[in-house]
Amino acid sequence: GAIADTLTRSVENVTGTLSETFFEPTLRLGVTGLSRAGKTVFITSLVANLMDRARMAQLVAESEQRILSAFLQPQPDDTLPRFDYETHLGALTARTPHWPDSTRAVSELRLSLKIRPAGLLAGLQGPRTLHLDIVDYPGEWLLDLSLMDKSYAEWSQDMLERLELRPGGPETLDRIRAEDGSAELDETRARALSEAYTQSLHAARNAGFSDCSPGRFLLPGELEGSPVLTFAPLPAVSGAPRRSLYREFERRYDSYKSRVVKPFFRDHFSRIDRQIVLVDALGAIHAGPRAMEDLRRTLAEILTAFRPGTNAFLTNLLMGKRVEKILFAATKADHLHHLQHGRLTGIMEALTREARDRARFAGAETQAMSIAALRATTEQMMPHQGSELPCVRGTLMDSGKQAAFYPGELPEDPTHLLGSAREGAEKWLDQDYSVMNFAPAPLTLKPGEGPPHIRLDRAAQFLIGDRL
Ligand code: GDP
């Protein structure tokens, strides 16, 4: 509870950052999701809306008018990049609004909220402050958790199997198999091989496949070009000599685990109190059954990070600390008329069911939701062959023209989308979805057009409402 948190904090203050005021509680909110899931837009919009508060009616403390102010402050971690809120907001609020640059690495932002206590305490206590430390990090990095309990040989075998089924994968496989792992390492060949493998990860990603490890190969940050990112899976070689390609790749893989993966989990992940996992479910549904099946598997793998019992490395690291609440949010719900939002939430629930059951077992409260952090569309019913189609209208990014679209329909039964990776399975969202490349709407919609987001306030209520 809050008191325990405060006590922990003050102990931390004595041993760690002395600058932190005593008895001002802190809540660390992790924001993650695969690349392009919507993390940057979510954080920017959440912070802007919490500072403005005009459109956060479902946040109880706000509807009770107890949030007196919200302001940005220097973050507590000096060596972590700051989430570039001002630049991202600038992109969204420019004269011709455009989408901000996406998340490429971990970053942090501290938003401090001054709150009037609720109920009986209101008269007895002055306002208190809650520091909300928002930590943005790529979901791809969570996939690396599975590497911690895998040897290089095991990981190689897994990845080579996956390559077989992916666009462009067989070519990369041929190339990898043509290499002699027991031959002496040649750095130029090693680099070329690693680049080919990285490219196949990008191709898989672009085709809608999600499980692309190692996570830093797609989002290298400052590690780009370093040996720890210059390796690839290889077929097992028995008795590979020292200095061979195989032994060197094995060594780099181990170094990746201890020097890259481990510090991230120790320094960032293990300190998170609340978590939102953003998922571009609509994108995967549109990409087709194989991408959807891949997303399901990848989410299951990502979510093992929230079930520490399944991973020895993480269990030791967390020592009983756990994330208290996890929200699974399908993003970009503004691509659909609200008549279909219930189905989207149902799909999100089905996608994360197993993980949610287990997280609940471990004590975390979980929920699934459909949201749009920044609503780029308005709704419109359009006559079509004697009936009406529920459409959304927005400004297209390429042409700047306004148009109404019907993205297609989602199945009523989410299981129609899951576990059926077979070719020729039914197509969903197969109508206008692929051309719906909307520009961000100016943050101010006209009255009657609804709030500039969809359920962002509900998401905030779930994640932090109990602490306000
Ligand atoms: P990140 O990689 O997780 O940081 O993803 P971003 O936040 O950069 O979002 C990726 C892209 O998804 C954006 O450039 C937008 O095109 C789109 N997007 C994100 N959020 C929304 C939203 O709420 N509505 C709409 N229509 N598009 C969104």
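The values are calculated or read from the model by the stated rules, or taken from the named source; none is laboratory data. Just so it is clear, the structure is predicted and the values come from calculations on it, not from any experiment. Cβ: placed from backbone, ideal geometry, glycine included. Neighbour counts: every protein chain shown. Just the protein is used for accessible areas: all its heavy atoms, side chains included, with ligands, DNA and RNA removed. Shrake-Rupley method; radii C 1.70, N 1.55, O 1.52, S 1.80 Å.
Can you name the residue in segment 172-186 that is acidic (D, E) and touching a residue at least 24 places away in the same chain (Cβ under 8 Å) and, of all such residues, is nearest to L229 (Cα to Cα)? Can you show your working first?
Going residue by residue through segment 172-186, those that are acidic (D, E) are 174, 179-180, 184, 186.
Remaining after also requiring touching a residue at least 24 places away in the same chain (Cβ under 8 Å): 179-180, 184, 186.
Numbers: E179: 19, D180: 20, E184: 19, D186: 16 Å.
So, considering only residues that are acidic (D, E) and touching a residue at least 24 places away in the same chain (Cβ under 8 Å), the one nearest to L229 (Cα to Cα) is D186.
Rundown of residues vs (1) over 16 Å from H286 (Cβ atoms); (2) within 16 Å of the ligand (Cβ to nearest atom); (3) at pLDDT 90 or above, yes/no style:
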residue	(1), (2), (3)
L389	yes, no, yes
P407	no, yes, no
E412	yes, no, no
L418	no, no, no
G450	yes, yes, no
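Given the condition in the same structural domain as A291 (by TED's automatic domain parsing), modelled with pLDDT under 95 and within 16 Å of the ligand (Cβ to nearest atom), answer yes or no: does some residue in segment 64-81 qualify? Yes, segment 64-81 contains a residue that is in the same structural domain as A291 (by TED's automatic domain parsing), modelled with pLDDT under 95 and within 16 Å of the ligand (Cβ to nearest atom). Checked against the criterion of being closer than 19 Å to V323 by Cβ and modelled with pLDDT under 90, the candidates L143, L121 yield just one match: L143. Only one entry in R393, R375, R455 is modelled with pLDDT of 90 or more, on the phi > 0 side of the Ramachandran plot and open to solvent by 10 Å² or more (accessible area, probe 1.4 Å), namely R455.
M56 satisfies every condition listed in (1) under 29 Å from G394 (Cβ atoms); (2) away from the ligand (no atom under 13 Å from the Cβ); (3) open to solvent by 20 Å² or more (accessible area, probe 1.4 Å) except (3). Look at segment 319-335: where a residue is in contact (Cβ under 8 Å) with a residue 24 or more places away in the chain and a partner is within 16 Å of the ligand (Cβ to nearest atom) and of a type in the set (D, E), sitting 6+ places away or on another chain with Cβ atoms under 7 Å, you get T331/D280; K332/D280. Within 27 Å of R290 (Cα to Cα), open to solvent by less than 80 Å² (accessible area, probe 1.4 Å) and touching a residue at least 60 places away in the same chain (Cβ under 8 Å), is that true of L160? For L160, the condition - within 27 Å of R290 (Cα to Cα), open to solvent by less than 80 Å² (accessible area, probe 1.4 Å) and touching a residue at least 60 places away in the same chain (Cβ under 8 Å) - is met. Within 16 Å of the ligand (Cβ to nearest atom), in a helix (DSSP H, G or I) and not hydroxyl-bearing (S, T, Y): is that true of A48 in this structure? When the stated conditions are applied, A48 passes them. Considering only residues that are surrounded by fewer than 24 Cβ atoms within 10 Å (Cβ to Cβ) and not in a helix (DSSP H, G or I), look in segment 196-209 and name the one that is modelled with the lowest pLDDT. Checking each candidate, the answer is G208.
Identify all residues within segment 88-118 that are modelled with pLDDT under 90, within 14 Å of the ligand (Cβ to nearest atom) and open to solvent by 70 Å² or more (accessible area, probe 1.4 Å); write none if there are none. Scanning segment 88-118 gives a single hit, R104. Residue count for segment 304-337, restricted to those that are away from the ligand (no atom under 15 Å from the Cβ), surrounded by 17 or more Cβ atoms within 10 Å (Cβ to Cβ) and polar (S, T, N, Q): 2. Would you be able to say whether some residue in segment 27-38 is assigned by TED's automatic domain parsing to the domain that holds D101, more than 26 Å from A118 (Cα to Cα) and more than 16 Å from the ligand (Cβ to nearest atom)? There is no residue in segment 27-38 that is assigned by TED's automatic domain parsing to the domain that holds D101, more than 26 Å from A118 (Cα to Cα) and more than 16 Å from the ligand (Cβ to nearest atom).
A single entry from L344, L314 fulfils the requirement of being in a helix (DSSP H, G or I) and under 20 Å from A460 (Cα atoms): L344. When each of L429, L445 is tested for being modelled with pLDDT under 80 and either out of contact with any strand residue (DSSP E or B) (no Cβ under 7 Å at 6 or more places or on another chain) or within 16 Å of the ligand (Cβ to nearest atom) (or both), the lone residue that passes is L445. Against the criterion of being open to solvent by less than 40 Å² (accessible area, probe 1.4 Å), within 16 Å of the ligand (Cβ to nearest atom) and not in a helix (DSSP H, G or I), I276 qualifies.
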